[in-house]
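The values are calculated or read from the model by the stated rules, or taken from the named source; none is laboratory data. Since the model is a prediction, treat every value here as computed from it, not as a measurement. When we count neighbours, we look across all protein chains shown, and the Cβ atoms used for this are built from the backbone with ideal geometry, even at glycine. The area values use the complete protein model at the heavy-atom level, side chains included, leaving out ligands, DNA and RNA. Shrake-Rupley method; radii C 1.70, N 1.55, O 1.52, S 1.80 Å.
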Amino acid sequence: MRGLLALSRVIDRINALIGQNVSWLILVAVLVSAGNAIVRKAFDMSSNAWLELQWYLFGTVFMLAAAYALQRNDHVRIDILAGRFTKRTRDWIDLFGHVVFLVPFASLIVWLCVPWFLRSFTSGEHSSNVGGLIIWPAKLMALLGFSLLLLQAISEIVKRIAVIRGLIDDPLLEAHDPAELAAGGEGMPHD
């Protein structure tokens, strides 16, 4: 299990690095959007390429930050129901959901994205909009995003198993309470 936990930490670091840094693309998207709006209003000109670039940037943030959101437990869940269950039950539900739903779904999408991206890349596929951009970079972001999500799902499965077995503290617990912080809520292995 130590080897799997080490792999989990590497996956977590990669997704944290990507998730924290990709957020800067939102600023770039806002600047592109503002610049495009100013040019459109001031000079009565517009560009499909600039509009598509905004979509590409937003899509890239969404796709590459999804794994980071899962890692940080910022993904969508039904807290009204989850709050009624014990911690152990929530851990089992998370493990079940990752194994039965998330891993198969992300695996399928990765498998389908590979030829989808490769066809676009090798053909030099362009947008059907006049002056539009090449499409393969957006398709690559979908492939990378689901690949990162699949890796993070594996990391979460390893951590859930370790938490259920009592090998590590739960890394999902937010250590706002000084008692939790003193108890070591950072997910470090027990000796």
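Quick look at the values:
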item: Percent accessible area from carbon and sulfur atoms, segment 45-121, protein chains only, probe 1.4 Å; result: 74
item: DSSP loop trypsin sites (Lys or Arg not before Pro) with at most 12 other Cβ within 10 Å: longest gap in the chain; result: 1-83
item: Residue order for 126, 98, 75 - accessible surface, 1.4 angstrom probe, largest first; result: 126, 75, 98
item: In degrees, nearest ten, helix 2-22 long axis to first principal axis of the chain (Cα); result: 30
item: Over the chain: helical MRE at 222 nm, DSSP H runs n ≥ 4 each giving -39500 (n - 2.57), nearest 500; result: -23500 deg cm²/dmol
item: Selected from 58, 95, 133, residue furthest toward positive end of dipole (the chain; charges at beta carbon); result: 133
item: Surface per residue (accessible, 1.4 Å probe) for the chain, Å²; result: 62
item: Per-bin percent of Cα-Cα distances, segment 69-174 [10 Å]; result: 13, 35, 24, 16, 10, 2
item: Candidate residues 44, 74, 12: accessible-area rank, largest first, probe 1.4 Å; result: 44, 74, 12
item: Charge dipole magnitude, Cβ of K and R +1, D and E -1 - segment 1-149, Cα centre, debye nearest 20; result: 480
item: Local net charge near residue 111, Cβ-Cβ under 15 Å (Lys/Arg +1, Asp/Glu -1); result: +2
item: The chain: relative contact order in percent, alpha carbon pairs under 8 Å with at least 6 residues between; result: 28
